Structure formats: structure tokens, C-alpha cells
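Written below as C-alpha cells is the structure these notes are about.
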Number of protein chains: 4
Amino acid sequence: MISFASDYTKGAHPEILERLMENNFDQMPGYGTDDICRSAADKIKEKCGCPDGDVFFLVGGTQTNQTIIDMLLKPYEGVVAADTGHIAAHEAGAIEFSGHKVLTLPNKGAEKDTDKYGSDVGKINASDLKKYLDTFYGDGNHEHMVFPGAVYISHPTEYGTLYTKKELTDISAVCREYKIPLFLDGARLGYGLMSKRTDVTMKDIASYVDVFYIGGTKVGALFGEAVVFPKGVPTAHPVPVIKQHGALLAKGWLLGIQFDTLFTDDLYFEISENAIEMAELLKERLTEKGYKFFLDSPTNQQFIIVSDDKLKELSQNVGYSFWEKYDDTHTVIRLATDWATTEEDVETLMKFL
Amino acid sequence: MISFASDYTKGAHPEILERLMENNFDQMPGYGTDDICRSAADKIKEKCGCPDGDVFFLVGGTQTNQTIIDMLLKPYEGVVAADTGHIAAHEAGAIEFSGHKVLTLPNKGAEKDTDKYGSDVGKINASDLKKYLDTFYGDGNHEHMVFPGAVYISHPTEYGTLYTKKELTDISAVCREYKIPLFLDGARLGYGLMSKRTDVTMKDIASYVDVFYIGGTKVGALFGEAVVFPKGVPTAHPVPVIKQHGALLAKGWLLGIQFDTLFTDDLYFEISENAIEMAELLKERLTEKGYKFFLDSPTNQQFIIVSDDKLKELSQNVGYSFWEKYDDTHTVIRLATDWATTEEDVETLMKFL
Amino acid sequence: MISFASDYTKGAHPEILERLMENNFDQMPGYGTDDICRSAADKIKEKCGCPDGDVFFLVGGTQTNQTIIDMLLKPYEGVVAADTGHIAAHEAGAIEFSGHKVLTLPNKGAEKDTDKYGSDVGKINASDLKKYLDTFYGDGNHEHMVFPGAVYISHPTEYGTLYTKKELTDISAVCREYKIPLFLDGARLGYGLMSKRTDVTMKDIASYVDVFYIGGTKVGALFGEAVVFPKGVPTAHPVPVIKQHGALLAKGWLLGIQFDTLFTDDLYFEISENAIEMAELLKERLTEKGYKFFLDSPTNQQFIIVSDDKLKELSQNVGYSFWEKYDDTHTVIRLATDWATTEEDVETLMKFL
Amino acid sequence: MISFASDYTKGAHPEILERLMENNFDQMPGYGTDDICRSAADKIKEKCGCPDGDVFFLVGGTQTNQTIIDMLLKPYEGVVAADTGHIAAHEAGAIEFSGHKVLTLPNKGAEKDTDKYGSDVGKINASDLKKYLDTFYGDGNHEHMVFPGAVYISHPTEYGTLYTKKELTDISAVCREYKIPLFLDGARLGYGLMSKRTDVTMKDIASYVDVFYIGGTKVGALFGEAVVFPKGVPTAHPVPVIKQHGALLAKGWLLGIQFDTLFTDDLYFEISENAIEMAELLKERLTEKGYKFFLDSPTNQQFIIVSDDKLKELSQNVGYSFWEKYDDTHTVIRLATDWATTEEDVETLMKFL
């Protein structure tokens, strides 16, 4: 049964598996201290235009969010995020588990009006952020409140939407005005960078934020996220922090090999582009068939409204993600393309839609 | 350069890589809810003789220790361990990070007398444990102290030593008397089970302990530890606990595939045996050459005392682990064989020793 | 300078100080194990109609909220509260510090329309709560979300508003349906119970909730909160939990003496009534002078809208609490009466208003 | 029944109660922002010779240890202490609860030989500390271990013993060499400073350590500990850190009044001296009666060995603290004098011994 349920239903790009095979009996030092990790980090730093940055590799997204946020915050600080942000909604309290509050800003586009929803859902904006910070610092005594110590955004967001260069610049400016580090969750970064409707490059991101990560798990790797601190990691000892979170992979080179492969000959971007092209094709087909989109996503995740009767039938033949109930007789579902989706896959899916 | 520095310097058993290749484009549901994980769990439960148990898969050792211990303990409880236990000494405070104290028992064999050292180092024993618990509960008010809420042992220990069946039975009996769960860290379990000098089987372990894990990272897998609760997991919702620790792998089937392969046709045991045979060969060769052993290890980790001059030379040609300074002119080093070590590797090593 | 800034600007009721004097050299066992604590607990249990309950005494509100919530929750659970709840907004992240998320429900009455604001602000209601729980448990997979493990309400709320008996019954019924404990923060409980506009008694509260506390700090004690678990405390070892939070007072009898005094001859209720009568007088005078109320509070905290010019003058002569900016030229301030406020105090205040 | 069980069995020095009475209806701002706290802090800073230091007041010892240690440590750091240190042994895991490991050094004097025991028990020493730090930083990779981020000592120790000026200087020098802050727990500081056998003054302490506290709970106050950072507090926002620990007393001036009284006309020292004189008298009487001391304590806590038969009788008439079993027929008990003990009390006690 074919599945468009998510972008993490398959293994890895074949070149990665080949490199793992080739390297299998080369003996390597542990914990990411090997040369391949170094090579991968160098390639990433070059691509990001931050030769003096620090890059390290972790296994998965929640782990990465938890570990980075812990590195950024003082004990009495929390992290600002959209209320739909992954760390706020879908990580089982991993941030609170490590002692920090997620301070939520209501995301725009809560209305079920496709147009408005499309551009802003899942995002925060600079003016809301500034208002929040102004109020926090302006209103007399705030020493009994949680201090905003970092700002978290995801790009693409959990809804597949993207920040514009202007929006990122503005958010970044507010963060710098308040000396608060900006962290960008790029679990699906490739799909954002290769969108047909973006003016944001990886170098832009590296220049706007204090830390971000380049998602591998959802973009062609077996697993892995490459964390980039463009201006250097803000703790003298990142290793024990990572270890303490149970996030230090013994065979760290497995991450190095994957990212070294993905950042050789722009493989990461090429396979990301495939997902975007397949998403565009999917949108075309869905539009032809008269499907209504729940929101206007420019990346690989597409959200459509399906009647519950149709859905019953569909679920016999195709994998999809339940998103939310739309009304009493309709449901929003997510269909995601990925680095390996083919035209044939899309056509197969469309047979059942 | 050949390395005997550890048992996690190589990738995975070729059969595992092949299965990953074969399965690469089969679409799978996430987070370990797939059929391969189920199959692997079933094979493990059968091997352990605990059909009603629960099995799940995590990525690495520290993460596993942290997550399991958090599942076992109430907030005011700590975990009892040898002061040389991995959780006490080498996990960067991962247990304390999640709010719990490691209550240490001094391990026996602190003397540098090989014979005594050999049998007990790294272990706790039932009588020390009982004395500790008797004192705790006996001495008037203990409500200002950390309650012992679980007992942690490693088998093999960090020194490669093993518990006997009698020792495990006794520790288990004390735990049951005090209603305290017993947790066995089996990061190198295969090497313990296949030792020439053990009377302990996997079924024994499953019957003595409340939870243990079967190490994959050090025994033929790319990564992964199989957690076994022979009588069932003690929390209604293990998934959010795992997620909260950043320990839930998105592509959970990668773990399933590895353990399913390792537990097909006893591959896990067969490759573990290889490490033991190579360790025996290594010991023979070292003895022939007159090397003094720091302790008498019946498993794949061997500890020898080397003059610092010799060591200087050795480090040009061979990977090893520094263990500790023995005296002003000698050093203890660790040499580890593994699932893939060959006779040729041993002979190559011996050329430099 | 007279102050209406809060209800914790004065020491304690003189009878309490006298008891402290009398008892000063009677030697007492530590940590609340003394007879006076027992006597105070018995009086409270009788008053609450819960002879089989557990009562213990802590020092302050945030400490109490943090400790109780930790007792109620499993590690993967959070506590549901109004977004204006003290634990959500004004405790510097004390709940997150101990590892738990505060799951917020938007409180009703966010509009600056006095009437609507008056009845609901600061409260949650049963239907919102039920909807939240239904959605949580209804929507497919929630294992990546924080489980609702307790419900927190304050009575009076941070805005001085009160739940009706009907509202409490309904919230309690939802909690019981979902088997989630209900916790009532009664930092100002006396002022709620003695309001002219309440139908809720202490026995009602004890029958609706799983745990609540009777505020002393703001109601006639030097410090102290009496925690009541009407059906017993849900942990076998409350003392180490309290100790671990740094919340175990060495000279526990100081708390016992205060609550024993407050619960002798209904002193607690008598002095609470004084605050209410003074608040009613204050409201009368403010209304006469044409002040507009920000909301309709039936307890000792009153919120009025004052022009910024007036406020400048006022601040020279009277203590008040800044609450929030109302508009560009007006500010909301809080004026609180307490157990010791006199008619003369009110008249003095009114001279400056 | 008279009790020598501890130094926290009575209320407060009468002058403190009088000041509380006098001040009872003076309205004060909350959370320690009042003038009396400021006055008390100034008096303490003058006494300590640290005009640029920071002083604030907390309620109890465990709370103070927990909060200060959290201020000193980075997330991956632990605190070094004697294995008998209060934070290591008797605070129910409060340090681990806030995420940090207590790294223990074995205290000297574990032998039951009175003489040796007397001078060192409960203490750490500079050479052990240096050796620990040398080993930590010397031994190759320590990034998987808990970093020593602060050193905790108590003075007097939990056994009533004292550091000499030389010992403190040496420990302080090691800490400065390694840039690790030194924290001195002075829960019984007055009794240490007024010992007949000390050469350490409060100014010495303020010059050797980075933070210490002056115990009030055990030395004449109802409750309260004055925290002194001689060179300033190391966090920009101590208030939210304190609040987050549930340690911010609403009526902070209650602490200010107590310490302002204790530091007026050297009352703190005068009443501490009383405890010492009574301890000396007690030792004289005990020696006359042939009692054997478990250790040689120069402060207010005395430890004697009593036959279990005698103890049975004693427990009918006198309060004491069980310390530990000495042998099968003897027990070590603690007898503590305090700021209010009279000669008559001692003679009454001796009637039963």
C-alpha cells in the first residue's frame, strides 16, 4: 500500500547506504570525533557561509530541540514559540522535562479561510514578538514571570508554510534588539529552501539566526539532524550537555557519513527539489479533481479537506495523516511527498482520490 | 591502523546492512509501530522465555539507562549502583539531569591484586546491598534521605566481569524482599552470555530482573538497544516518557530490522561468540609475551599493564583505550575484541606488543 | 503611608503572635511532627468534614503549588489551568522547573466589558475543560502530547472572582469522569468563603476536590498554607517529596501554632469577613465617587480604572498595585483589603482618590 | 521533658519576637524589597567586610543549599562535597531534584578512634580536593563525566567539627586555581565562630569563599538563613531563580527583622557564645561521669556513646538524637546546646545521665 502519510516512511538515499556499506569495516573513533564528521561539518559550514561556526550532529528532532534549547537558556528562562510549534504541541513536554517553559505566541491564521490561513499559519511574526517582549520588559515587575531567553521558529512550519526573507529579517532584528538568540528548527529545511515560492537561502538563514538545524531524518537520511551555530556554540562544553540528554551517538560517524553524502554535489538540495516537484504535481492533480485545500502550503506537505465517506474508502488503499476534523462530515488530511516520491506514486495516489 | 580501542569502532554485521538495503523503499509507519519491530520483539521474548513481557527499542546506552530508570523510580527515589557503574561514573550526570540520585555501593576489588580484582571488580553483591537496605530502613528516620527505588547492575560490568548465577539469584532475592526493581544494563550482554566462564543464560536474566536491555551498538548493530521488561512495562504510557527524553526514533523500524536480524538464527549469539574466542586468543598471546593483566576478565574487554615507553611506541600503530595510570611508569590499557575481530587482527596487534 | 497594594503587607493576627510568645520556649520536635500541628490538622479536618483526610503545612503559595502538583502528576503529565492562573503566569516557571507543563485553557472574559469580565475572568469552566479532554483523548494519537494529569483552579482567582457551587460541581464531575485529580489553590480562600456572593462552603470544596489549600499568608498568618487532601495524600512518602522541594520547615510547629489559632473559634472566618466588609465599603465609596471598575469582584481584591494623572498624585500618598495599562491615558490598579483593614483605613484611602 | 535533641527545638530570641510585635502593623512591600531587609543586609555586609557583596534571605537550609548551588552550576556541572555533607546525605535528593550530581569526597576520620575522628570527620581537605580535580582534568577525556562546578563545605560540619584558618585558606586556594566557586554552609555558623577552638572569623570566611550563609534557624531566629555573596551574586536575576525554587517568602521583611535584630549589638555572636559555654559545661560534666565521646567536637553538638540499657532509661526523661549504632550494645547519641540553653538545663540533663 502506497503511503503519503509523512516524509519519514522510507529509509535513506541509496548513495548513503552505499557509503555505509563501503565504510562498514573502517575503524572509527567514537562520539563524532572522526574525520568524516569533520568533513561533513566543513561542507555544511561552507554552504552556510559561516567558516567560524560550529556544526554537530544529533539523531532526531525532539532530541535536537531539547538539547539546543537547554544550551541557549538560563534556568529562569523559557523559549518563545508559536502555539502550534512542534516544541509547544507535539514533543510530549520534552522542553518542560528539561526545566523550561514554552512561552507561546498565538499563531496567525486560526480562521478556516484558506487564503489567510495559507500565508501565516504556524508562524510567529516580528510585531507580535516585539509586542510580547515590550510588554514583558515594560510592565513593571516581571521577576515573577518566566524570562524569554530564546525564540524558536520552524521553517517550513508544521503546516508546511514558509517565512519570507523580510519576515526572517524582521524577527531577527527584534531578537538582536533584545539580545535573545533565535533558533530555527529545520527538520524539513531542504523542502523549504527548494520551494518555488521562497526567497530565503541557507546563507540567509545562517546570517539571521543564532542556531538552526538541517533536517536529515525527513530529507534523505536514515536519521540525523545537523546542528549549525553560525557564530559558534555558546557553551564551553557541548559534549557533556549532549551526553546528559542521552543524545550522544556512540558511532557518531554514522551521522557524519550521511551528511557528508548529502552535502556532496548538492545531493541534499537535489532530492529536496524532487519532493517539491512532486508536491506541485500533486497540487495540480488535486485541483483538477476539485479538492479544497485547507491551507496554501508551498512545500512538501499538502493539506486537503476530504469528506468522511471518501476518507473511509481512501484508507483502504493509501496511507495519509489525519490532521483534524474540519466539520461534522469532513476531515483535514495531510499528504506529504518526499525525496523519493515518483510521478508514478502520485498517479497511483490519484487513482484513489 | 588497526584498533582494539573499543567494541564500537565498526559499522554493523553485513546481514543487517543487507536487510536495510532490501527494506529501504518499503514504506513503514513511524515510531516503532511497524511489523518488523513486532517481529523482533516476539523473537526476543521467545528467546527470553517471557511471552507476556514488553520489548521496545532505543538508540543508545545512556539514553536507555536514563529512560528506564525514570520509568522505574518515583520522584523521591534514587537508583542503587556500584560506584564504578556506568550511570554513576560515565554518563555526564544523565540520571541526575532527570532528577534522581545514583546511590553508590563501593565495588569490591579496589586493590590492585589481580586475583581478587578479577572476580568482583565492577560488581555489587547481595550482602552489601542487603546491608545498605537494612541500614536505610532500620535506622529510625530516613525520610530526609533518598529512597532506594531501583537497583542497577551491568553484566558484563564496565570491567568485563560477570555475575554468577548464584550472585544474580541472591541480588534478585534481596530486591524482591524489599520490593525494589532490579535493572540489568546489558550493553555488552552477548559477550557476557557467550563467555567461557559463565553459568548465566538469557532466560536466567529474564527471570531474575525486572528490566534489562540487550545491547546492539556494541554487538553487531549500527546502533540500538532492545529493552526487555519480562513482566511488562510499569507505566501505562511508555511512549510519552520515551518521547520526553528525546529518545523516540522516528524511523523506529531501523531498530526493528537490526534486532530482527540479530535474533534470526541466533546471529547475536554467534557473533558474540566470535568476540569471546578472539579475546581468548588475545589473552593466550599476551600471556605468552608475559604481559600482566590488570584484572581477570572473562569477556571481550581485556585490561593489561603496559610500560609507558612501550605505550608510546604502541600508540603509533594500534588503537587502544587508556584506562588509568597504574604507577609512575606504567599504564593500564583496555583492548576490546568484538563481533568482527579476526585472528589476523589479533596477530597484527601482537606484532606491536 | 497607607497601603492597599496587597493582602500581605502586614504581619499576623495578634492572637497568633501571642501564641508564638507563649510557646516560645516549649521544646518541640521538628518538621511538623509535633502535637500542635496535629491539633491544627484535626481542627481543619473537622471543619472540612474529612476525618480521614491528610493535612500538612507549607510556607508559601508557589512552594505549595509546586509541591502538590509534583505529588499529583506522573512524569509525562501536565497540569491544566486557566492561562491567567498563578502557576501559568506568575511563578517564574516553578512548575516547569519541576518538569511539568502547564496546559492552559483560555479564560473567559478577556473583553474589557465589565459585566462579562466580572463573572468569569480568571476561571475555567467545565465545558471548556470537557472539550479539551475530549479532544485530547478523541483525536487519534496523543502519545506525543503532554497528558492532562491534574486540573488547577484558584478560588478566589487571581482576579478576585469566585466559582459558584454549580460551576465547581460541574468541573469536579468532568475531572472524575476522566479520573483526573482536581486541585484548588486557596491562597485567599477565607476571602472567597466569606464573600457576600458565594454559595460555596469549605465542606463543599473538600467534597469536590482532591486537594486544596487554605491560605494563611494572605489571611492573618505571618506565613503558611494548610494543604488538605480530603481523601488522603496520594504518595506513600510525602515528607521526602516536600524535603526535596526545599519546602520542609525545620520548626514546623510555627505553622501548626498559626493554623491552630486561626481554626480556634473560627478566627479564620471572622477575620476573612472583615476584609470582605471593608471591600464592600470600599466599593461603595468608589462607586459614589464615580470610579469605573475593571471587573466585578466579589472578594477583597478590587480593580479600578484610574487616569494616569490621578495615579501620579495617588502614588505619593497610597500604596496600590499596578495591574495593567487600560488605554493610553488610563491604568487598571488593584486595591486589596485584608483581615486587618479598618474603616478608618478605607476613609484615609478615599481622601486621596 | 527537657530536650537536647537539636538546636531547633525552641522559637526565637525574645528580642526578635518583640520586633515582630512592634512591626506587626507597619505595612511593608513584599518579597524582601523593604528597608529592614536592606538594613539587615548592610549590617551583615559590614560585619563581613564586603561592602560590595550581595545579601539575601531565605527560609531554611535545604532550600538555601538547593537554590545557591543552582545559581553556581552550569547544567553539566555537579557540586563537590564530603560524603557526609548535608547535601549528600540528608536532603532527600534536593540537589539531584534540581538536576545536579553531588560529587563526593570520602571524609577523613571514618575510624572509630576518637582522636582522629575528632579533628577531621565531616570535612574535606585541600589535598584530596586537589587530587580529585587533578585527576578529573588530567585523565584524558572527561567529557562523559560530571564536571566539578562548585565546592560545598559546612562549617561547623554535620559532626560539629571546624575547619582551621589554614585549612580554609588551602581549600580556597585550590578552588581559585581551578576557578571553581567555594560555598560554605553556615547553618550553625555562629556556633563555629564562637568556639573556643577556632581561629576563623566571619571576615576570614567572607574572604575565602564565593558564597556562604549565616544560619538563623538554629541560632536564635524562628527561621531564616542569610545568604552572602561577598563579591556579588553571579546571576543577573536572582529573584526568578529563587521564585522558581518556591523559595521567595512573600513577607520577606520577616527575615529582615530577624537578621536585623541578630546583627544589632552583636546579638548573634552573644547568643552563639552561650551555646558554646553550655556545651563546654556539658562536656565537663560528661567527662566527670566517665562518658566516652564519639568524637571531639569543638562546637554545640556533642556526640557520646551510651549503653543501650542506659539509653532506654534516658529516653523516658530527655530528648536526644539517635546518631548511629556504635556496636551491638551501644549507641551514639547527639546532644546539642543552643542559644537559649541554661546551666539549669544542663544540670537537669545530667541528673538522667
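Laboratory data are not the source of any read-out in this text; all were calculated from the coordinates shown. Computed from a predicted structure; not experimentally measured. Cβ sites come from the backbone with ideal geometry, for glycine too, and all protein chains shown count toward neighbours.
As a proxy for reagent exposure, ranking B:Leu311, D:Leu222 by other Cβ atoms within 10 Å from fewest up yields B:Leu311, D:Leu222. Relative to its Kirkwood radius, the Cα radius of gyration of the protein assembly as shown gives an Rg/Rh of 0.97.
Note on B:Lys283: aspartates and glutamates with a C-alpha under 17 Å away, same-chain residues under 8 apart excluded, are B:Asp7, B:Asp115, B:Glu273, B:Asp296, B:Asp338, B:Glu343, B:Glu344, B:Asp345, B:Glu347. The equivalent ellipsoid of segment B:1-108 has semi-axes of 31, 21, 14 Å, largest first, where each one is the square root of 5 times an eigenvalue of the Cα gyration tensor.
With the Cα gyration tensor of segment D:179-269 giving a ≥ b ≥ c as the square roots of its eigenvalues, does the rule (a/c under 1.5 for rounded; else a/b larger than b/c for prolate; else oblate) give rounded, prolate or oblate?
On the way: a/c = 2.21, a/b = 1.18, b/c = 1.88.
Cα axes put segment D:179-269 in the oblate bin.
Comparing D:Lys218, D:Lys123, D:Lys196 in a Gaussian network model of chain D where C-alpha atoms under 10 Å apart are linked, the largest mean-square fluctuation is found at D:Lys196.
Of C:His155, C:His13, C:His144, which is the most mobile in a GNM of chain C whose springs link Cα atoms less than 10 angstrom apart? Among C:His155, C:His13, C:His144, the largest mean-square fluctuation in the Gaussian network model of chain C belongs to C:His144.
Checking the a/c ratio against 1.5 first, then a/b against b/c, what shape does the Cα gyration tensor give for chain A? Could the numbers behind the result be given before it?
Working: a/c = 1.84, a/b = 1.12, b/c = 1.64.
Since a/c reaches 1.5 but b/c is at least a/b, the shape of chain A is classed as oblate.
Taking R0 as 56 Å, what FRET efficiency do you get between C:Asp52 and A:Glu343 from their Cβ-Cβ distance, rounded to the nearest 0.05?
Values: r = 70 Å, r/R0 = 1.26.
The computed FRET efficiency comes out at 0.20.
Membrane-span-like helices in chain B, defined purely by DSSP H runs whose alpha carbon atoms cover 20 Å or more axially and whose average Kyte-Doolittle hydropathy reaches -0.5, are B:267-288. Distance from the C-alpha centroid of segment C:83-104 to that of segment D:26-105: 23 Å, rounded to the whole angstrom.
Rounded if a/c is under 1.5, else prolate if a/b is larger than b/c, else oblate: which is segment C:198-240, with a ≥ b ≥ c the root eigenvalues of its Cα gyration tensor?
Values: a/c = 4.36, a/b = 1.12, b/c = 3.89.
Because a/c hits 1.5 or more and a/b fails to exceed b/c, segment C:198-240 counts as oblate.
Any chance you could tell me what percent of the C-alpha pair distances in segment C:26-174 go past 22 Å? Beyond 22 Å sits 52 percent of the P(r) for segment C:26-174. If only the Cβ of Lys and Arg carry +1 and only the Cβ of Asp and Glu carry -1, the dipole of chain A around its Cα centre is close to 520 debye.
Other chains' Cβ within 10 Å of A:232-244 residues: what's the mean? Could the numbers behind the result be given before it?
Values: counts 0, 0, 0, 3, 3, 8, 2, 6, 15, 6, 4, 14, 16.
Other-chain Cβ atoms within 10 Å of each residue's Cβ, averaged: 6.
With 19 Å as the limit on Cα-Cα distance, the pairs of A:Lys179/C:Lys325; B:Lys10/B:Lys218; A:Lys101/A:Lys325; D:Lys123/D:Lys165; C:Lys74/C:Lys123; A:Lys74/D:Lys130 that go past it are A:Lys179/C:Lys325; A:Lys101/A:Lys325; C:Lys74/C:Lys123; A:Lys74/D:Lys130.
By the helix-only formula, in which each DSSP H run with n ≥ 4 contributes -39500 (n - 2.57) and the sum is divided by residues, the protein assembly as shown has a 222 nm mean residue ellipticity of -12000 deg cm²/dmol. Look at D:Ser6, A:Ser127 and count the other Cβ atoms within 10 Å of each Cβ; fewest to most, that gives A:Ser127, D:Ser6.
Nearest 5 percent is fine: what portion of the DSSP beta bridges confined to segment B:14-265 is antiparallel? Counting only bridges with both partners in segment B:14-265, antiparallel ones make up about 40 percent.
Mind listing which trypsin sites (Lys or Arg not before Pro) in segment C:259-308 are in a DSSP loop and have 10 or fewer other Cβ atoms within 10 Å? Spell out each step's value before the answer.
Working: sites: C:Lys283, C:Arg285, C:Lys289, C:Lys292; in loops: C:Lys289.
The qualifying sites are C:Lys289.
The alpha-carbon atoms of segment C:122-277 define a convex hull whose volume equals 135 cubic angstrom per residue. Sites listed here are chymotrypsin sites (Phe, Trp or Tyr not before Pro) in segment D:1-37 whose DSSP assignment is loop and whose Cβ has at most 15 other Cβ atoms within 10 Å: D:Phe25.
Rounded to the nearest 0.05, what FRET efficiency do D:Ser39 and C:Lys312 give with R0 = 45 Å and r taken as the Cβ-Cβ distance? Could you check? Could you put the intermediate results ahead of the total?
Numbers: r = 29 Å, r/R0 = 0.65.
E between D:Ser39 and C:Lys312, to the nearest 0.05, is 0.95.
Here D:Met145, B:Met28 are placed in order of increasing Cβ neighbour count within 10 Å, fewest first, which gives D:Met145, B:Met28.
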